[in-house]
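Report on the structure given below.
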Amino acid sequence: MITLPSLRDLDHPNERRATPRIWLAVEHADMRCGFDRLAEIAVSVVGQDPRSGHLFLFRSRGGDRIKILYWDRDGFALWYKRLEEETF
C-alpha cells in the first residue's frame, strides 16, 4: 500500500532524512503528463532533482485537479486528485 506523508511527517521529519520541501508550480500543467514529463518540468523549471524527496505540485488549468509527484525510496509516486466542487 502506498501512503502519502502526513502533515505531521512533514512538520517533524525523521532524524534520518532531511525535511522535504514543497514546490508548487505557478502556471497550470497539462494533466495528461505522467511521471517522466512532470519530472522533466521539475528539473527545467525549478532546477531541483525530482528524486530529492521533495514534493512537486501541479495544478490543472481549471483548478479542480492537482497532481503531486514525489520520490518514494525506490521509484516515483504520483498522487492525483479531482475535486467535485470548488477549486484548489
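The values are calculated or read from the model by the stated rules, or taken from the named source; none is laboratory data. Note that this is a predicted model, so its numbers are computed, not measured. Neighbour counts run over all protein chains shown; Cβ positions are idealised from the backbone, glycine included. These accessible areas exclude ligands, DNA and RNA; they are computed on the full protein's heavy atoms, side chains included. Shrake-Rupley method; radii C 1.70, N 1.55, O 1.52, S 1.80 Å.
If the requirement is being open to solvent by 60 Å² or more (accessible area, probe 1.4 Å) and among the polar types (S, T, N, Q), which of these qualifies: Ser44, Ser52, Ser60?
Criteria check complete, one pass: Ser44.
Does any residue in segment 30-59 that is touching a residue at least 12 places away in the same chain (Cβ under 8 Å) come within less than 6 Å, Cβ to Cβ, of a residue that is assigned to a loop (DSSP other than H, G, I, E, B) and charged (D, E, K, R) six or more places away or on a different chain, and which pairs are these?
As it stands, the answer is His54/Arg21, since those pairs meet every condition given.
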